[in-house]
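A short write-up of the structure that comes next.
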Amino acid sequence: MPPPDRIRSLDAFRGLTVAGMILVNNPGSWGAIYPPLEHATWNGWTPTDLIFPFFVFIMGISAALVIPRRLDGGMSKAMVSRQVVVRATLLFLIGLALNGFPHYDLATIRVMGVLQRLAVCYLATGLLVTFTSPRAWRYWVAALLLGYWLALLIVPVPGYGAGVLALDGGLPQYVDAALLGAHRWLPNWDPEGILSTFPAVASCLLGALTWRWLREERSVAERALGLMLGGDALLLLGCAWSWVFPINKNLWSSSYVLWTAGMAMLVLAALMWMMDGLGKVRWARPLEHYGANALAVFVLSGLIGRLITLIQVGSGTPATTLKGWLFNNFFLSWASEVNASLAFAVVVVLLFWGVAWGMYRKGWFVRL
C-alpha cells in the first residue's frame, strides 16, 4: 500500500511519464524506431518530446506540495532550504555518476544531463517556493521565458551574429562550448546545456503554480475543468509564440515551455477526473507502482540499459552485446525490425514495472 501522503493521480502521472521515458530510451535497435517514439530533429515536437518537460513540471508540483507542508508544520525556512540544497545536490551527483558509468574519464565526462537539469530546476524552484510568494513565481516565469528569448534574439555569437536559432551558431551552443567544453553529450552539442536550463526552470515553476491553484478548496470537476482551460490557454500561447520562436526541445524554447506545460495540465486533468472524479483507479495501478518509485526505477533502468550494451556474448567476429543477442534471438526472429524494436522496448517497460510493483508491495519507497 502507498504511504498516506501520496496523491494517486499525481503518482499515476509520474508513472506514465517514467514508463514513457523507459519506452523511448530502450528500443531494440536505434535504427528502427516508429517516428512518434523519436525526438523531433530540430523544430516541432513528437510525443517523445513531452516526456522530459513532464518530469520537470511534476518536479515543480512536488516542490509546491511538500515545501509549504513542511513550513506549515513548523520547520524553519533555513532548514527547508538546506533540505532543498541537499536533495538537489544528490540528484546532480546521481546524474553525474550515471553519465560516467562504468568508466569515469574526468577529462570528458558529461557534466549535464536529465537528472542534473532536474536538480537545478528543483533547486531554483524549491528556494523560490520557500522564500517567495506565488505572485513572485509568475514574475519569474515571465522573466525567464522573455529573457531567454531576448538573449537568443539580440546577443551576438562571434562569427554568426545574433538571432541564430539553428544548432550551429546559436547562443546556447556557444555558451556550452565556452563553459563545458569537452564535457558535453556530443562534441558540438548538449540538449541539457547550461543556457537552456533557465527556461526549464520556468517549466518547473509552472508546475508549482499549477499545484498552488489545485490546493484551493474546489470540487474535482472544478479542478479538472480549470486544468483543461489553463492547459488550453498555454497551448494557444505556445502556438502563437512559436511563429517567432519555434517549439524546440533541444533549445527548450519559450514556446516549448508553454506548449508542454499546457499538455501536462491536460494529462493531469484527465487523470484527476478519471481517478478522483469517477473513481476509476484499477486501470492506473501499474502507473501508480511506477510513480511511487520513479527515481529508483529510472536510475536502475539506466544502469541495466548501459550494462547490457557493454556485456559481450561470444568472441571473435560473431561477438555481439548482450542486448544485441537478446534482440536478435528473441525479437528479430519473429517480427520485422521496427516491430521487434518496439516489442523489445515494451518488454523492458513491463520488466521494470515488475520491479516497481515488487517495491510497492513491500512498502519500499525510495526518496531523496
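Values in this text are rule-based calculations from the coordinates and carry no lab data. Bear in mind that the values here come from a model prediction, so they are computed numbers and not experimental data. Because the Cβ atoms are built from the backbone with ideal geometry, glycine has one as well, and the counts that use them run over all protein chains shown.
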Open item on the list: So if I take the centroid of the Cα atoms in segment 40-95 and the same for segment 316-362, what is the distance between those two points in Å?
Closed with: 31
Open item on the list: List the residue ranges in the chain for DSSP H helices whose C-alpha atoms run 18 angstrom or more along the long axis and whose Kyte-Doolittle average is 1.0 or above.
Closed with: 51-72, 77-100, 114-131, 134-154, 197-214, 220-241, 254-272, 294-307, 337-362
Open item on the list: With 10 angstrom as the radius, rank Y122, Y174, Y290 by how many other C-beta atoms surround their C-beta, starting from the fewest.
Closed with: Y174, Y122, Y290
Task: Computed E for A107/L307 - FRET, C-beta separation, R0 25 angstrom, nearest 0.05 - done: 0.60
Task: Relative packing of 59-65, 143-149, 278-284, which averages over residues the other C-beta atoms within 10 Å, highest first - done: 59-65, 143-149, 278-284
TODO: Please work out how much length the chain gains when fully extended from L229 to A177, using 0.36 nm per residue of separation minus the C-alpha to C-alpha distance, in nm with one decimal.
DONE: 14.7 nm
Task: Max mean-square fluctuation residue, GNM over the chain, Cα-Cα springs under 10 Å, options T41, T260, T130 - done: T41
TODO: Please go through segment 11-89 and write out the chymotrypsin sites (Phe, Trp or Tyr not before Pro) that DSSP classes as loop and that have at most 14 other C-beta atoms within 10 Å.
DONE: W30, W42
Open item on the list: Place a point 7 Å from the Cα of V155 along the Cα-to-Cβ direction; which residues of segment 225-260 have their backbone N under 13 Å from it?
Closed with: none
Task: Charged-residue dipole, Cβ positions (Lys, Arg, Asp, Glu), segment 8-362 about Cα centre, Debye nearest 20 - done: 1040
- [ ] May I ask you to sort S254, S242, S76 by Cβ crowding, counting other Cβ atoms within 10 Å and putting the fewest first?
- [x] S76, S242, S254
Task: Of [x] 1.07; [y] 1.01; [z] 1.96, the label for Cα Rg over 2.2 N^0.38 Å derived from the coordinates - done: [y]
TODO: Take the chain, connect every pair of alpha-carbon atoms lying under 10 Å apart with a spring to form a Gaussian network, then pick out the residue of M265, M112, M274 with the largest mean-square fluctuation.
DONE: M274
Open item on the list: Can you compute the charge dipole magnitude of segment 1-115 about its Cα centre, using +1 on each Lys and Arg Cβ and -1 on each Asp and Glu Cβ, nothing else charged? Give it in debye, rounded to the nearest 20.
Closed with: 500
Task: Leading residue at positive end of dipole, segment 88-185 (Cβ point charges), from Y174, L146, L93 - done: L146
Open item on the list: Using a 10 Å cut-off around each Cβ, can you sort H289, H183, H103 from fewest to most neighbouring Cβ atoms?
Closed with: H103, H183, H289
- [ ] Can you figure out the FRET efficiency of A40 with V86, using R₀ = 25 Å and their beta-carbon distance, to the nearest 0.05?
- [x] 0.10
Task: Most positive-pole-ward Cα, Q83, A107, A12, against dipole of segment 1-151 from beta carbon charges - done: Q83
Task: Furthest towards positive pole of dipole, L287, F57, S219, structure part segment 8-362, Cβ charges - done: S219
Task: Fluctuation leader among M263, M272, M79 - the chain, Gaussian network, Cα springs under 10 angstrom - done: M79
- [ ] Taking 7 Å along the Cα-to-C-beta vector as the label spot, tell me the R138-W283 distance in nanometres, rounded to one decimal.
- [x] 3.5
